[in-house]
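I have placed the structure first, in the form of structure tokens, so that the comments after it can refer back to it.
Just so it is clear, none of the values below were taken in a lab; they were calculated from the coordinates. The structure presented is a predicted model; accordingly, all values stated were derived computationally and were not measured. Backbone-built Cβ (ideal geometry, glycine too); neighbour counts: all protein chains shown.
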Amino acid sequence: MAASLVFRLHDRGPELVREVLLERGWEEYDEEHQAEEDWNLYWRGSAFCNSEYHNLLPWQRLNHHPKTVGITRKDCLARNLRRMRATSGSSLYDFSPTAFILPNDYTRFLAEYNRLHLARGPAVYWICKPVDLSRGRGIFIFENIKDLVYDCSVIVQRYISKPLLISGYKFDLRIYVCVRSFHPLTVYIHQEGLVRFSTEKYNLSSLHNLYAHLTNTSINKFGPFYKTEKERVGQGCKWTMSKFRHFLHSQDITELLLWQRINNIVTLTLLTIAPSVPSCPNCVELFGFDILVDVNFKPWLLEVNYSPALTLDCQADITVKKRLINDLIDLMNYTLSDSLRERAYQRQVCRQPCFHANHRSRVSIPGLSKVNESKYQKRRIGRQSSQTRMLPLLRTPRQPEKMNHKESRQRALATDYQRHLPPVNLNKIYAARGRIINTTATKTHTNKTLNLILGPHSRTNVSDVNRQTIPALAPWVMDNRSLHVSEVTNHDDTETEAEMELSGETDVSSSIHDIPQWGLGFGRSAESWRLPHIHSGSHRPVQIPLEGNTALNGQNVPPLRVGDFIRTFPFNAATLRASQHQLDVKIILQELHKLTSQLAAPGKKMRREEEVKKDVLNVEQDFDSLLWGPKDPPLLSQCFRPA
Ligand code: ADP
């Protein structure tokens, strides 16, 4: 019988992920009895260290992309958004309240404070937040600069003093965003999300009352009115997004525009870091975007959470988060079982003598260097699969030339890749990219195949490629500014209190300096819309609705939706093209601008289906998208006439 997929949780959490995966038939990784790399998904609340990205094996996936700190730490986000506002010259980047990073920006803040003060307009309020804390800790609101006191790095931000209220209560929206890939940028937003209320009525004359001004659950669940039945809001402090949609329907508002603006916020925020995130096709990440809507129905980005809380505090949490994690696993496109991982383990047993014969010409497999031999001595005895029953053979004293486990497994895995992965013609790939190849630097087929699977920053790949060619490097690849900051980010996951440790290891960026420009597109066409395929033998992929996963001019289009995840980027043929090779941010901004103005055009009504059909020949119909947000998300082509 095929072995189950295996998940590994850091620090025993989050419990919800464990529950969902066990229900889906996965097995939990057991450190005592399993080898160090014998898992399919590793989930952590905090950051992975660089070696964990480098050493990933083809069947392994991580729940974080490298280097997303640029949006998940408050000061980095403020800096990146400021940069984009300055360089894009676009009014699109007007969705985050003006922010100053103190102490550095103190003079600039003072100038702005004085300017507004002297203008004698309406009162201006500010909110001060420590850059490396989350869940409302250390936050306060002030009007007068004499109340600004801080003893660590903080951001001081314009306080949105006229938020949209529901029966007098302030709220914000927790939007769940999945970045399935940064190269090419592929983004999904979940239809369900949370609305988080403060538990006392909003009042600007009591700035110190955090239960009236902050919407963090971690604060409000300790408030005196948490359990009280509050007008319209009800008990507790959370709604589901569906309930919020009902509320919107009861108001006279241009709903489509609100949703599209939130879509824009997500895309524009991700664009600030997308070019500098190293390509790592085995990663999928869930972010929590916190959005505040003001009285004019303008959404504002407050922050991006690195590890959105997955604790179940109330019914709304249960309804939203369980489905969310199930859909996320579906997005990861796993097969029912992982025969690649399984066979890799089996083969090392069956082909032991061959490995010995080839000892000196072995191929190095990233990751296996970390194998801790003592683990094998405890190995897998209780497990049921045939491979585990055979594993003890590896330790027989008669094993020739004292080959250790690490070596035998390396060879086994290499052999397995050679036999089971599709042949890759590197010359063809190089030629297609118009590069000269030094054919004297021959490589084994194994190397090529590994490169394809492991992506451009596997060590094998980087060094081989670098030796061979490529004088010119992509500018962003060279750029590792801001990447050495402490990666303490906004994660409101209460189960992972510990902030990210700073590993003493080399930054990923420094090790991928030498990835050539074209390397980023490696394997990016066709299959690149999916995670690296786990070779599944006769097993069919589970529950992946492939509607919309069509080819457009030879390029694959990711599915419109997977469960309740709606694809929001790329959203049309132009943005698909603009994200294929080096990300063309300018084109993407133009397309977003066009889309938003079309939706905002006065008197714009949803088009009837027959009207849409008439235009079929005019639109690149292979590629339509859904508008994330409304209850039954309409196709974008239904929302407006193509330009
Ligand atoms: P944390 O990471 O500590 O949760 P946030 O930036 O999310 O920090 O802020 C916590 C809460 O404070 C938000 O949920 C929101 O209710 C409120 N808040 C934060 N920034 C602003 C702002 N600029 N204007 C109005 N309210 C804000």
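General observations
- Highest average packing first - 277-287, 129-139, Cβ atoms within 10 Å: 277-287, 129-139
- Taking Cα centre as origin and charging only the Cβ of basic (Lys, Arg, +1) and acidic (Asp, Glu, -1) residues, the dipole magnitude of the stretch 215-342 rounds to 340 debye.
- Taking the Cα centre of the stretch 145-299 as reference, the dipole from Cβ charges on Lys and Arg (+1) and Asp and Glu (-1) amounts to some 200 debye.
- Other-chain or far-sequence residues with amide H under 5 Å of Val6's (modelled H): Glu27, Asn40, Leu41
- Amide H within-cut-off set for Thr199, under 5 Å, with H built and near neighbours excluded: none
- Kirkwood hydrodynamic radius of the stretch 1-131, from inverse mean 1/r over distinct Cα pairs, in Å: 19.0
- The simple Förster model, with R0 at 22 Å and r as the Cβ-Cβ distance, assigns Ser88 and Arg115 a FRET efficiency of 0.35.
- For the stretch 67-140, the pair-distance distribution built from all alpha carbon pairs, in bins 10 Å wide starting at 0, is 16, 42, 36, 5, 0 percent.
- Computed FRET value (nearest 0.05) for Asp632 with Phe297, which takes r as the C-beta separation and R₀ as 35 Å: 0.95
- Checking the cross-link pairs Lys67/Lys586; Lys221/Lys322; Lys586/Lys631 against a 25 Å limit on the alpha carbon distance flags Lys586/Lys631 as lying beyond it.
- Only one residue of Leu204, Ile262, Ile219 has its Cα farthest out toward the positive end of the dipole of the stretch 196-264, where Lys and Arg carry +1 and Asp and Glu -1 on Cβ, and that residue is Ile219.
- Inter-label distance for Asp584 and Glu143, nm, one decimal - labels placed 7 Å from Cα along Cα-to-Cβ: 5.1
- Rounded to the nearest 20, the Cβ-based charge dipole of the stretch 4-139 about its Cα centre (Lys and Arg +1, Asp and Glu -1) stands at 1420 debye.
- Ranked Ser205, Ser250, Ser625, Ser46, criterion: other C-beta atoms within 10 Å, fewest first: Ser205, Ser250, Ser46, Ser625
- Here the translational diffusion coefficient of the stretch 158-219 follows from Stokes-Einstein with Rh set to the Kirkwood radius across Cα pairs; for 25 °C and 0.890 mPa s it amounts to 182 µm²/s.
- Each principal axis of the Cα cloud of the stretch 76-232 was taken in turn, and the coordinate range along them, longest first, works out to 47, 47, 30 Å.
- Here's how it looks for Ile566: its modeled amide H is under 5 Å from those of Ile189, His190, Gln191, which are all 5 or more places away or on a different chain.
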